[in-house]
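What follows is a structure written as structure tokens; I'll ask about it next.
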Amino acid sequence: MDGGRRGRGRRQAIEKELKKLREEREELDGRIRLLESQLEVRPEGVDGAAAGEGVVYGSCDGSVACRRRRGNGFAPDGGLPADMIYRYSRHLLLPDFGVEGQRKLSQSSILVVGAGGLGSPVALYLAACGVGCLGIVDGDDVELNNLHRQIIHKEAYVGQPKVKSAADACREINSSIKVVDHHHTLKPRNALEIVRKYDIVVDATDNLPTRYMISDCCVLLNKPLVSGAALGLEGQLTVYHHNGSPCYRCLFPSPPPVAACQRCSDSGVLGVVPGVIGCLQALEAIKVATAVGEPLCGRMLLFDALSARIRIVKLRGSLPDCTICGENSVFTEQDFQKFDYENFTQSPMSDKTAPSVNLLPENARITSRDYKRLVDNGEPHLLLDVRPMHHFQIASISPSMNIPLSMLEEKLPTLKTSLKETGAASASGKEPALVVLCRRGNDSQRAVQLLRENGFASAKDIIGGLQAWGQDVDPDFPVY
Ligand SMILES: [Zn+2]
């Protein structure tokens, strides 16, 4: 009996000692990880390597193997070290989320495409909440007119790559996760390679061809896609290709006409609106990553900022004969890489290259420099600005007359009178020229067409509009 008791006592003592040592080891591991992650926050030589290939901070290449190797804060036995418990304690306290949710999050890798108005809150929240590996892809630089809505960027980063700015911001929030920046515009030729490394994709871009491209890519690689959009005072959100939900092509097999596609740079956007949608995208990505809750699959959330209304509409299911995700689809990775999305949608992948129309013969157009000469020579003329009134109020060339294109037809008599008055006021008695101007030189062509059809035979427009005027004639003219 005594021998047995002594044996048990010894065993208990050893177990106690083991427990204590394991705890010490966990704590040490936690401290090592924290110190390692601090070392990796700003590795030397990053700036030199920032151009071109996506810079990998630390040693994470975004792959599944890499994430398992690192464990992202979890000890091999699945326990959380003390510093991680403290950091994510409010998550751990949620009965539906808890340690299991946090573990799944820490093992997940999420790619955010676009570090703009939507991508800002997505990346900030995903970094803060402890996603294991966060990838950000964007080829643009930070501009001053981004800052009212792209809250991840700071004034100090204007002119620098958005991915660098966004990655730095994410790392400042959470040095224990891996942030990978891909300084590229996502294109068919690089999309497969980048997207393949991640579990979940968040589409935070703002143009139609990219939307089709990301959806097709996610179907090919079998990745869930959290898709958001924001324009003006409205936004929308859904999760494609997950739990049986349709892909983008199932809903829109053929792209809408170009005229129906508006862009932020044309229509404007209230800064908070992409913020709201981006936050919801981050939430959906977290739900997909952790399998907590019901992701927005087969449903679309519509947000109307002015009326403060959120509606959820049911989407039709995936199309059995969808050319991309349908059972008999023959669309391959090779097809994808060769697919011309800009041609398919008749719109550009970049927000910067505005689609331009070419409606007028050469002799119905003048350059902004020609117009400047006409003004300098004192030639009698009337400058007609056909932009919407709220654009005209932002900035205009003086003197000019504002008749928005949408009202031009009904205002033709007024225009005739004004032109006559201009002629009468000129010393030469020469018939005044009618010169038409808009923001970029598209609406002005439409206006000249209409004017010429209605007896204003000599009307001409300024090629490239106010944008060209600012670039070629008056660098102080405000850009918007
Ligand atoms: Zn489909």
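A short reminder: the numbers here are calculations on the coordinates, not readings from a lab. Just so you know, these numbers come straight off a predicted model, no measurement behind them. Positions of Cβ are backbone-derived with ideal geometry, glycine not excepted, and every protein chain shown enters the neighbour counts.
If you take the square roots of the eigenvalues of the alpha-carbon gyration tensor of segment 248-327 and sort them as a ≥ b ≥ c, do you get rounded (a/c under 1.5), prolate (a/b over b/c) or oblate?
Because a/c hits 1.5 or more and a/b fails to exceed b/c, segment 248-327 counts as oblate.
Which of rounded, prolate or oblate describes segment 422-480 when judged by the alpha-carbon gyration tensor and an a/c cut-off of 1.5?
oblate
If Rh is defined by the Kirkwood formula over all Cα pairs and Rg also comes from Cα, what ratio Rg/Rh do you get for the chain?
Computed over Cα atoms, the ratio is 1.13.
Using alpha carbon coordinates only, what is the Rg to Rh ratio of segment 362-473, with Rh defined as the Kirkwood radius?
0.93
Taking square-rooted eigenvalues a ≥ b ≥ c of the alpha carbon gyration tensor, is segment 218-362 rounded, prolate or oblate, where a/c under 1.5 means rounded and, failing that, a/b exceeding b/c means prolate?
Taking the square roots of the gyration eigenvalues as a ≥ b ≥ c, segment 218-362 is oblate.
Once both labels are modelled 7 Å past Cα along the beta-carbon direction, what's the Leu21-Gln471 spacing in nm?
7.2
Let me ask you something else. Which lysines have a Cα less than 30 Å from the Cα of Lys430, not counting those fewer than 8 places away in the same chain?
Partners within reach: Lys372, Lys411, Lys416, Lys420, Lys460.
Can you sort His241, His391 so the residue with the fewest Cβ neighbours within 10 Å comes first?
Arranged by neighbour count, lowest to highest, His241, His391 become His391, His241.
Note the direction-averaged projected area, equal to a quarter of the hull surface, for the Cα convex hull of segment 341-395, in nm².
Its Cα hull, projected and averaged over all orientations, spans 6.2 nm².
Just order 89-101, 457-469 by mean Cβ neighbour count inside 10 Å, highest at the front, would you?
Final packing ranking: 457-469, 89-101.
Here's another thing I want to ask about it. Normalised by the number of residues in the chain, what is the relative contact order in percent for Cα pairs under 8 Å and 6+ residues apart?
Contact order relative to length: 11 percent.
Using a 10 Å cut-off on Cβ atoms, rank the peptides 159-171, 374-386 from the highest mean neighbour count down.
Order by mean packing, descending: 159-171, 374-386.
Would you mind estimating how fast segment 304-432 diffuses translationally, via Stokes-Einstein at 4 °C and 1.567 mPa s with the Kirkwood radius over Cα pairs, in µm²/s?
Translational D for this selection: 62 µm²/s.
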